[in-house]
Amino acid sequence: MGKIKLGILAGGSSAEREVSFRSCENLMNSLDKNKYDIHIYSLPGDNDREWIKELMENTPDIVVSALHGGHGENGSVQGLLQCMGIPYVGSKVLSSALCMDKKSAKTVLEANHIQTAADVFIKRGESTDLFADEIRQLGFPLIVKPNRGGSSIGIAIVSDFNELERAVQNIFKNYNDDALVEKFIKGREITCCVFENKDTPEVMAVLEVNKNGEIFDYEDKYERGVSSALSQMPEYMQDMVKTIGVKTYSLLECADYACVDMIVMEEQIYVIEVNTLPGLTENSIVPEACSSYGIGFGEFIDSLIERELSGKGACI
């Protein structure tokens, strides 16, 4: 049997472009070169479409995406691959689009009794003055984040209206995005790594993230070494986290694997967001979760590739 023609997508035009290349590098270092004929499709930062022509001329058997954020994670690239009939690892079009839009994902979760942080949603170009009463009801401090961003880029904690205005305008101007303003919840930051184990969602690990400041920022995730450790919460709390993680994963139609980020304050558990294409660098959460579960990162990716090639992956 010949090698599997594996395509890895990397780069892209989002603010997470650099992380994408690092995820690609870790994938390359972890996969068996005797099993895979690997080709990297490098997506440019200027939205040039030459890579699509390359994908058509040199079509892989399956794709693993190392893209993060932007069109690589919001369902656009997933839709292209689906139209081209190319199998790929990870969540499909609907889930990718839904999870990338934090406000939309929260709406689904809240309708199904999953607790999230109270928020005010400010569309790009709207004045924060329109939401002054709602913001006062939330109360400071607040956390302000791009609605469709990732890797904690563009996030700010604000303690008054002036700081809020600057944070919102920064998102409008520099990230061309809507602003999600949430009540800041101070507690343990947890990541619940969920994957498909024989077609049943299972939690691979409940990890407690290590952060230097109030938020788990870009430097914590990718620059400072080990970013997480197995949670030391009581077993009954971990069981609650796992139940919420699997329910969230299923409600948002995720496939293959995803990370569900939560804040635990006392015995209250809040889902913060879901990452359908979390970082895959050597310092990222997913390789750490694999290690905690007792499986190599390369072996883990192998299992997902085999699942998709067998036709058992999701289709929407």
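The values are calculated or read from the model by the stated rules, or taken from the named source; none is laboratory data. Predicted, not measured: the structure shown is a model, and the values here were computed from it. Because the Cβ atoms are built from the backbone with ideal geometry, glycine has one as well, and the counts that use them run over all protein chains shown. In case anyone asks, the SASA skips ligands and DNA or RNA and just uses the protein heavy atoms, side chains included. Shrake-Rupley method; radii C 1.70, N 1.55, O 1.52, S 1.80 Å.
Summary of computed values
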item: With 10 Å bins from 0: P(r) over segment 54-143, alpha-carbon pairs, percent; result: 13, 32, 27, 17, 9, 2
item: Shape call, segment 135-192: gyration tensor on alpha carbons, a/c limit 1.5; result: oblate
item: Accessible solvent surface per residue of segment 1-93, calculated while the other protein chains remain in place, 1.4 angstrom probe, Å²; result: 46 Å²
item: Förster radius 45 Å - calculated FRET efficiency between Thr243 and Asp48, Cβ distance, rounded to 0.05; result: 0.50
item: Net +/- balance of residues flanking Ile38 in space, Cβ distance below 15 Å, scoring K and R +1, D and E -1; result: -2
item: Rounded to the nearest 10 Å², the accessible area of Arg188 at probe 1.4 Å; result: 90 Å²
item: All lysines inside 21 Å of Lys123 as judged from Cα atoms, apart from same-chain residues fewer than 8 positions distant; result: Lys102, Lys103, Lys106, Lys145, Lys173, Lys183
item: Degrees separating the helix 102-111 axis from the principal Cα axis of the chain, which is the longest one; result: 80 degrees
item: Calculated P(r) of segment 1-88 - Cα pairs past 23 Å, %; result: 17 percent
item: Volume of the Cα convex hull of the chain, divided per residue and given in Å³; result: 129 Å³
item: Loop-resident sites, segment 109-149, for GluC sites (Glu not before Pro), counting at most 10 other Cβ within 10 Å (DSSP); result: none
item: Mean separation of Cα contacts under 8 Å (6+ apart) over length of the chain, as relative contact order %; result: 20 percent
item: Percent antiparallel among DSSP beta bridges (both partners in the chain, rounded to 5); result: 75 percent
item: Net lengthening on full extension, Glu235/Asp133 (0.36 nm per residue, minus Cα-Cα); result: 32.7 nm
item: Within the accessible area of segment 47-205 (1.4 Å probe), percent carbon and sulfur; result: 49 percent
item: Computed [θ] at 222 nm, helices only, for the chain once each DSSP H run of length n ≥ 4 contributes -39500 (n - 2.57); result: -11000 deg cm²/dmol
item: Separation of alpha-carbon centers, segment 4-23 and segment 116-162, rounded to whole Å; result: 30 Å
